[in-house]
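Here's the structure we're looking at; comments come further down.
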Amino acid sequence: MVELTPLQIQTLERLFEAGFRPIAIPPYESALCVRRGECAALLSPVANGGLKLLASPSYIVAGNLSVRLKRGQDEVFVWKKTELPATPERLQELESFRQELTGILQMPSTQ
């Protein structure tokens with residue numbers, strides 16, 4: 001397990017206060033994953049002591065990170081053979097998740 005810096009701990013505390021929760025997602029058990037609602041993201045430590053997104057946040061499908069794909073005129077969230085329609089509500093939930101997560105990750109340290 002990676003030892004966290006005081007800034008990383010402070011960032012995680014902010015995330016927890018905002019309703020984000022740590023989770024383990026196969027095959028990313030060793031990564032720092034956070035979830036809120038049906039959305040999740042993988043985080044990684046950075047040189048300045050903070051945290052950054054490893055990839056764009058994703059909608060959770062069958063307990064796993066999904067990929068957003070275009071199917072004809074529609075979009076879907078897919079994990080293996082399981083698909084969920086990318087409804088306006090799900091897209092809004094994912095965008096809100098991304099915006100709030102990014103805002104917290106970019107907050108300056110209070111130390």
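The values are calculated or read from the model by the stated rules, or taken from the named source; none is laboratory data. Keep in mind that what you see is a predicted model, and the values were worked out from it rather than measured. Methodologically, a virtual Cβ is constructed for each residue, glycine included, from the backbone with ideal geometry; neighbour enumeration extends over all protein chains shown.
Filter the strands (runs of 3 or more DSSP E) completely within segment 12-111 down to those with at least 3 residues that are crowded, with 16+ Cβ neighbours inside 10 Å and out of contact with any Ser or Thr (no Cβ under 6 Å at 6 or more places or on another chain). Write out each step before concluding.
Working: elements: 21-23, 32-36, 39-45, 51-53, 58-61, 67-71, 74-79, 82-85.
Ranges flagged: 32-36, 39-45.
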>> Condition check: over 21 Å from GLY19 (Cβ atoms) and at pLDDT below 95. Does GLN106 satisfy that?
In response: no
